[in-house]
Amino acid sequence: MGAGTGYFFAVLFPERVSRLISIEGTFPASYANKASCSQHHIDDRRYTEEEMLDIFRARHVSEEAAKTIMARGSTRTAEGHHIRNDDVRVRDAEPDNVFPGLFDRGLSRFRNSLLVVSKELGLLDSSSSKVATAEALMMCVGAEMCAKFKYVSVGGSHHVHLEAPDKVAPHVNDFLCT
């Protein structure tokens, strides 16, 4: 979600973004639009803490990371329920949902320095036999388009940056300081 938002901003304002870090996001690319903004709705349902945790468990998010996300992304009511306060348009981080066609036109201007941090299994599902090929292709495209490009693989789940920030932080620090 954050990687898509970062790519979108960097494509729109390349002069304002000299370095971009994508954690568990792929290289910026154009893709088919799944749903228009008018198809999104506001989620004003009230969830118990256990219901919220179940939603995150289904997405393989640890309980500790889920509670961190809940603290930042929901409001607790007096009755002890949670209401999500994130913007549903950003939940899927699809730029074309917000400004159709704009991302495609600006992608060719993407020349920022880019760090992609991925879990050890790679960008694609581990059942795919083409993970190494996809990663190699992304590295070639990244090296061609970016002023500086680095791809780093770290051990952990998709949410390693929430569960073990000490694994990600050295790579981010090195990228920002060089």
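A few notes on this one:
- From the list ILE55, ILE23, ILE83, the lone residue that is modelled with pLDDT of 75 or more and in contact with a His (Cβ under 6 Å, 6 or more places away or on another chain) is ILE23.
- Every condition in (1) outside any loop (DSSP other than H, G, I, E, B); (2) at pLDDT below 85 is met by LYS150 except one, and the failing one is (2).
The values are calculated or read from the model by the stated rules, or taken from the named source; none is laboratory data. Owing to the predicted nature of the structure, the values given are computational and were not obtained by experimental measurement. For neighbour counting, all protein chains shown are included, and Cβ atoms are generated from backbone atoms with ideal geometry for every residue, glycine included.
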